[in-house]
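A quick write-up on the structure given underneath.
The values are calculated or read from the model by the stated rules, or taken from the named source; none is laboratory data. The model shown is predicted, which means the values in this text are computed figures rather than measured ones. Don't worry about glycine lacking a Cβ; one is built from the backbone with ideal geometry, like all the others, and counts go over all protein chains shown.
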Amino acid sequence: MTPASSAPPAAPRIAIVGGGFAGIGMAIRLQRMGITSFTIYEAAGDIGGTWRDNTYPGAACDVPSHLYSFSFEPNPAWSRAFGGQAEIFAYLKHCARKYDVERYVRCNARVAAARFDEARQVWHVDIDVNGVRETIEADVVIAASGPLSRPAMPQIAGLERFEGKLFHSARWDHAYPLEGKRVTVIGTGASAAQFVPKIQPRVAHLDLFQRTAPWVMPKPDKPIDARARWLFEHLPFTQRFLRSAIYWQLESRAIAFVVNPELLKVPMKFGLSYLERRVKDPELRAKLTPNYRFGCKRVLLSSDYYPALSQPNVDVVTSRIREIVADGIVTEDGVHRAADAIICGTGFQVNDVRAPFEVTGIDGADLSTQWLRDGPEAYLGVSVANFPNFFMIVGPNTGLGHNSLLYMIESQVQYIADCLRVLRRRKARTMNLRPDVQRDFNTRLQKDMQHSVWASGCRSYYQTRSGKVTALWPGFSFSFRKRTRRARAHDYRFAP
């Protein structure tokens, strides 16, 4: 076995899995703590995570740029109110270079499994490097691959029989020319709302298969002029003020999402009015009218989605798909729709799936088995009982439906950093979450969730098949930050 780092024995050997925002943020924090005995294992050929992978036309963030960045590394040069994929990816690369993270990254190294050795109190981590399996030892494993790293292909009969071009939006094939083609898009989530308007003018015909109509609100995106960028660069407090204002504006939405969903009647009324203004055809408008409470599923921000769907070369299909055949799709009503290409905008594997890699803890505890049985569960989305020194960033119930995920990432990075301080202060080898702490935390969390809009009756990727909401935090993000500011030693058991 090879060590995770050439650090002296006194330093914890830390394996970070994933080189996106979470992994880079954790690495920067470790260096600030004086810890350099870590390696970021990145499955792809470069860092960047979801912003490296999602290069589809129109890919952009739906959180304002000034908030979708590290608090310690503001970017005064954002070109738009909502950053695009290329600009966000460049920002991540900038952070990795500036904070000297790149030299700790090992690319094309996919973590396949991690097994806890109870006798020696270390983790054995199996890594596939260009098809060759090797095993390293680590004292601490930090899973930072995030929930949007594994594309979900639709489970439709005959998918493998299609003879045209087939790809997922997160694996966009830019070499395939869409001009003049009959294109089928499956899915109407956040990705489809961004790429459909971009490809609609290029294709001969577009069939958009919609299972559930999403709530769509106009996106207040616009260029940031040179004067504003000058202010942000030379008077940094102006950007800090703007960031704070955006945060509190978005945070106020949690009152409706979590505390009193009845308040959502106002945005629902606005959303229906927006739909009526942008879609004049009553038949199409009926198809695009949501039948569930605003916010129960992810709300989409787009000012060009409805206009694109109103074009004569677009059909919104609400009939269920029966099967995919060699040259297209057959719906349950028997209609055959020819297609040269099928693009799956079907999101990512979030719930009712195995853990991102095999994780085996004390007494053979298997993380995937637990999550498939009970739904993903953790304490503060970070620690899991019977998995000592195993931490997660953007773990269960730490996503947000109203604010920036980077705020939650920085909160979890802070918590993990404090766990490492506790380990060092106690001169302990490992810390293992108490099962009763995890149980009590999740019981209360799910009780709080019942008052939220996400438990109001719709089906979404926020939930498991049983209806348990495991993707989102049922409260204010600042309350989560307060909970993660310090690790409570009595929540854990320590091995000397």
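Of note:
- Residue match in the stretch 417-428 (condition: at pLDDT below 95, in a loop (DSSP other than H, G, I, E, B), among the charged types (D, E, K, R) and surrounded by fewer than 18 Cβ atoms within 10 Å (Cβ to Cβ)): yes
- Total residues in the stretch 477-492 satisfying the condition of being surrounded by fewer than 20 Cβ atoms within 10 Å (Cβ to Cβ) and within 19 Å of the chain's Cα centre (by Cα): the figure is 1.
- Any hit, the stretch 341-354, residues being touching a helix residue (DSSP H, G or I) at 6+ places or on another chain (Cβ under 6 Å), modelled with pLDDT under 95 and surrounded by fewer than 21 Cβ atoms within 10 Å (Cβ to Cβ): yes
- Which listed residue is of a type in the set (Asp, Glu) and under 17 Å from THR346 (Cα atoms), from GLU160, GLU179: GLU160
- Here the stretch 388-403 is the region considered, the condition is being surrounded by 23 or more Cβ atoms within 10 Å (Cβ to Cβ) and farther than 24 Å from ARG465 by Cβ, and the residue that is modelled with the lowest pLDDT is ASN403.
- Any hit, the stretch 292-300, residues being surrounded by fewer than 18 Cβ atoms within 10 Å (Cβ to Cβ) and among the aliphatic types (A, V, I, L, M): no
Quick grid of which residues meet (1) touching a Leu at 6+ places or on another chain (Cβ under 9 Å); (2) under 25 Å from VAL350 (Cβ atoms); (3) assigned to a helix (DSSP H, G or I):
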| position | (1), (2), (3) |
| --- | --- |
| GLY48 | yes, yes, no |
| TRP51 | yes, yes, yes |
| LEU67 | yes, yes, no |
| ASN75 | no, no, no |
| PHE82 | yes, yes, no |
| ILE88 | no, yes, yes |
| ARG103 | no, no, yes |
| ILE127 | no, yes, no |
| MET153 | yes, yes, no |
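- Residue among GLU251, GLU262 that alone is among the charged types (D, E, K, R), at pLDDT 95 or above and either in the same structural domain as PHE195 (by TED's automatic domain parsing) or within 25 Å of the chain's Cα centre (by Cα) (or both): GLU251
- Of note, VAL422 satisfies the criterion of being over 30 Å from LEU159 (Cα atoms) and touching a residue at least 40 places away in the same chain (Cβ under 8 Å).
- Taking the numbered list (1) buried (at least 20 other Cβ atoms within 10 Å of the Cβ); (2) of a type in the set (A, V, I, L, M, F, W, C); (3) at pLDDT 95 or above; (4) under 30 Å from LEU405 (Cα atoms) in turn, MET268 passes all entries but (1).
- Residue list for the stretch 432-454, filter: part of a loop (DSSP other than H, G, I, E, B) and free of Cβ contacts under 8 Å to residues at least 24 places away in the same chain: GLN450
- Any hit, the stretch 166-186, residues being among the β-branched types (Val, Ile, Thr), crowded, with 16+ Cβ neighbours inside 10 Å and assigned to a loop (DSSP other than H, G, I, E, B): no
- Matching residues, the stretch 297-333, being of a type in the set (Asp, Glu) and either within 30 Å of PRO267 (Cα to Cα) or outside the structural domain of GLN210 (by TED's automatic domain parsing) (or both): ASP304, ASP315
- As for the stretch 429-443, it holds at least one residue that is of a type in the set (A, V, I, L, M, F, W, C) and either touching a His at 6+ places or on another chain (Cβ under 6 Å) or under 19 Å from ALA143 (Cα atoms) (or both).
- Look at the stretch 172-198: where a residue is closer than 20 Å to ARG337 by Cβ and a partner is modelled with pLDDT of 95 or more and among the charged types (D, E, K, R), sitting 6+ places away or on another chain with Cβ atoms under 6 Å, you get TYR176/LYS165; LEU178/ARG202; GLU179/ARG202; LYS181/ASP340; ARG182/ASP340; THR184/ASP207.
- Subset of the stretch 14-46 [surrounded by fewer than 19 Cβ atoms within 10 Å (Cβ to Cβ) and assigned to a loop (DSSP other than H, G, I, E, B)]: MET33, GLY34, THR36, ALA44, GLY45, ASP46
- Helices (runs of 4 or more DSSP H) wholly inside the stretch 201-301 containing at least 2 residues that are charged (D, E, K, R) and within 24 Å of GLY189 (Cα to Cα): 265-278, 282-287
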